[in-house]
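Coordinate-derived values only; no laboratory data. Because the structure is predicted, anything quoted here is derived from the model rather than measured. All Cβ positions, even for glycine, are placed from backbone atoms using ideal geometry, and neighbour counts span all protein chains on display.
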């Protein structure tokens, strides 16, 4: 994403008291401990390598700060009825695009390995499947067979609300563990 010419998006994000910065997530241009909160949403899905980017996010986090992440886990995608299922296409097309469709389940483990206190929650609302899910999928690089399958599901969807597609999102809050007082 850094290679893309996105100066317009950076300029648009600027505002009173807000400085927008475009940077590589593996090499953030901030001193150690710069922020009391680091928040990302659907970003680690696309960061590569994710573990390296997490280490960098922790570097710029103040020792008393918090890390808040909202990330999907396409491996847990639930769809009904089976005729409308697109999970395997999501997994393969996201991987081809350089994403990690299983990032949601990895992050809590990585954070615990970094000796952080980790709390997790799942976004648990189920909604009827929407046609937009097929439109989003069609924006990814698909094989001819995958494209035909997605188009068939899109055009053959049942009545409004009859299909269910639930993509679990991990809501993750992490804080550095406080050192124990010295033993006396």
Legend entry - Where Rh is the Kirkwood radius over Cα pairs, Rg/Rh for the range 68-147: 1.02
Inset, instruction - Just order 95-105, 17-27, 78-88 by mean Cβ neighbour count inside 10 Å, highest at the front, would you? - result: 95-105, 78-88, 17-27
